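Here is the structure we will look at.
The values are calculated or read from the model by the stated rules, or taken from the named source; none is laboratory data. Note that the structure is predicted; figures quoted are calculated from it, not measured. Using ideal geometry, Cβ is built from the backbone for each residue, glycine included, and neighbour counts are taken over all protein chains shown. Just so you know, the surface numbers come from the protein's heavy atoms only, side chains and all, with ligands and any DNA or RNA stripped out. Shrake-Rupley method; radii C 1.70, N 1.55, O 1.52, S 1.80 Å.
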Amino acid sequence: METRIPGRRSLLKDILQRWIHTGTAGVENPRVRRGIVIINTLSLLTAFLIAVVASLLYWFTGSLLILVPAAIECACWIGVIYLNHSKRHSLANLATLVIHCTFAVYFGSILGNAMPIEMITAFLLTFLIGASFIVFKHKTLRLITLLAALTLLLAVEANHFFQIVTPVYVVPANMPIIKMACWAGMLALMGYVTYFLIRQNDMFLRENEALLQALQEADAAKTKFLRETSHEIRTPLNAVFGIAQLLNERKMQIGDPALREEIGYLYAASYLSREIINNVLDLAKIEAGMLDEPHPAPLRLRESLEASVAINRYVANTRNVRIQLRIDPQLPEWVLTDRIFLAKIVNNLLSNAVKFAPAGSLVEVEMTRQDGRLTGTVRNDGTIRADKLASMFQPFVAERNGEVEGTGLGLQITRQLTERLGGQVSAENQLGQTVFKFYLPLAAAEVPAEHAAPVPRAARFDGYTVLVVEDDLISRHVLQRYLSDAGAVALMAESGEEGLHMLEVTIPDLVISDSHLPGIQGAELLEHIRHQPALRHLPVIISSGDAFNEARESMLRLGASDYLVKPFLYSDLQSLLEKHLPVRRAQIV
């Protein structure tokens with residue numbers, strides 16, 4: 001006997017497993033497989049409980065009104081498993097709820113007081129609604145199931161009150177046993193559904209945790225890739241942009257007009273390339289919730305707008321596109337806003353308009369006052385498809401005009417920057433044109449004291465010595481050329497080690513160091529300088545292609561005087577030199 005029993009148990013278990021997993025072969029989606037297993041298990045369990053409880057009820061009542069419907073219901077449950085076997089899973093799911101609803105109402109009516117209305121209520125609300133959330137994923141089907149359960153509940157309640165269906169007679173002495181049997185059967189079914197609801201909820205939680213971890217790892221990998229790629233691109237772009245700035249400053253000394261024009265194109269192209277790289281960085285900041293906060297300051301509106309138009313005009317000329325700027329004379333000369341935010345908003349909208357305007361057409365830029373707000377309008381010929389307008393300000397959504405295409409980042413950045421300034425931006429088609437509008441709070445600003453007097457010439461740095469630690473040959477060349485033209489003595493070091501050796505024999509007035517160097521890194525060089533008493537107060541500007549705030553803050557904590565992101569404008573470098581060199585000379589004196 002002892003050798004046979006395990007074999008029988010194993011055979012029974014194997015049969016049950018086959019029934020439970022009927023219809024799962026070839027189903028790759030794990031959630032669909034789980035749903036099939038749940039329906040098959042529920043069908044077997046319900047058929048078994050119906051057979052047991054119905055047999056008990058027939059024993060005490062002797063009524064075929066109980067035995068025959070119970071047999072039919074058991075056959076229906078076997079049919080549900082057959083539907084899954086036939087790969088008709090949706091029909092099996094629907095049949096499960098229909099069978100339960102039908103026979104719950106039938107037995108609730110035919111058994112009368114033997115099946116209390118409270119039991120049926122609990123069964124309908126717990127079992128049917130719970131099962132619907134396991135079986136159905138669509139909200140409409142779940143709502144239909146809920147309404148069906150409530151309707152059946154009202155039907156059973158009406159029958160219980162009006163006695164529409166005459167219940168089977170039960171001997172009063174047997175009533176407690178029958179009630180207990182009904183309660184046991186329904187509680188078993190409700191317990192099964194509750195168990196699977198809890199199990200499924202735990203499974204979803206584990207899946208969500210795994211997904212969250214995967215997303216965090218993917219985000220970290222994306223950020224790392226973006227930082228490394230950004231740095232690799234920014235370093236050569238800094239060299240190109242630096243040379244373009246040097247040539248642009250000297251182009252009026254060149255006699256060939258065509259060459260001067262080409263230099264202008266080179267400068268504009270490299271400047272706009274810099275803006276594209278910055279847009280990628282801004283998108284990463286937006287996704288991480290770390291976009292810089294605006295810093296309103298007095299801004300000469302016309303000067304800012306004309307600078308943006310001048311940059312984009314070079315690109316527009318290559319496509320024979322004209323740009324027209326109109327500024328409402330009623331607007332104040334100076335406004336209070338963030339200079340960088342406003343320049344990015346105008347540049348992104350204007351470069352987008354130039355990019356998609358037909359050759360030989362006109363792009364209009366207009367700045368007016370409307371309802372107390374600063375209103376900017378950018379128009380270009382050609383329209384955007386209606387289905388694209390709603391998603392124009394989403395990342396990586398871009399139109400094509402057959403000649404050019406874009407990354408779709410500029411408009412997303414524009415929307416974020418506009419909202420940060422307390423405004424909004426929109427796009428629409430008007431009379432064969434694409435019209436972008438942005439609205440910003442308008443606040444007039446007083447003329448800053450430094451602009452009240454005539455603008456002085458850019459400061460020169462005769463007599464100052466600047467040590468440049470930079471491993472990129474072209475970047476060293478353009479920095480040396482810029483500093484020498486400004487009157488400073490430029491000392492060049494190709495590595496951190498060479499920079500330290502030079503600091504042992506001479507103390508410059510300022511150090512400009514790259515952050516990523518062969519051997520000794522910029523951070524180590526900075527720490528060495530700050531630990532030397534003779535160099536402790538030496539201004540150090542870190543120049544880096546790493547444009548993330550963490551890198552900037554890390555360097556500032558180590559003692560950097562300022563942080564300059566490549567590719568940088570020489571006007572920004574000029575401002576830093578004017579800020580730190582006179583202070584250093586005062587310290588020495």
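Distance between the 7 Å Cα→Cβ label points at residue 504 and residue 444: 6.3 nm. Charge tally for residue 239 (other residues, Cβ to Cβ under 11 Å; Lys, Arg +1; Asp, Glu -1): +1.
A Förster distance of 35 Å, applied to the separation of the beta-carbon atoms of residue 304 and residue 521, puts the FRET efficiency at 0.40. Residues whose amide H falls under 5 Å from that of residue 424, counting only those 5 or more places apart or on a different chain, are 439, with hydrogens built in the peptide plane. Distant-in-sequence amide contacts of residue 461, defined by a placed amide H-H separation under 5 Å and a gap of 5 or more residues or a different chain, comprise 487, 488. Computed 3J(HN,Hα) for the stretch 374-386, one whole-Hz value per residue from the Karplus formula 6.51 cos²θ - 1.76 cosθ + 1.60 where θ = phi - 60°, is 7, 10, x, 10, 10, 10, 9, 5, x, 10, 9, 4, 4, glycine and proline marked x. Basic side chains Lys and Arg get +1 at the Cβ, acidic Asp and Glu get -1 at the Cβ, and with that the dipole of the stretch 503-559 about its Cα centre reaches some 180 debye. Inter-label distance, residue 199 to residue 87: 2.7 nm, where each label sits 7 Å from its Cα along the C-beta direction. A protection proxy built from the mean count of other Cβ atoms within 10 Å ranks the segments 239-245, 305-311, 249-255, 493-499, most packed first, as 239-245, 493-499, 305-311, 249-255. Of the listed residues 544, 426, 55, the order by accessible area with a 1.4 Å probe, largest first, is 55, 426, 544. For residue 76, the accessible surface of its heavy atoms amounts to roughly 50 Å² (probe 1.4 Å, protein chains only, rounded to the nearest 10).
The mean sequence distance of close C-alpha pairs (under 8 Å, at least 6 residues apart), as a share of the length of the stretch 457-498, puts its relative contact order at 52 percent.
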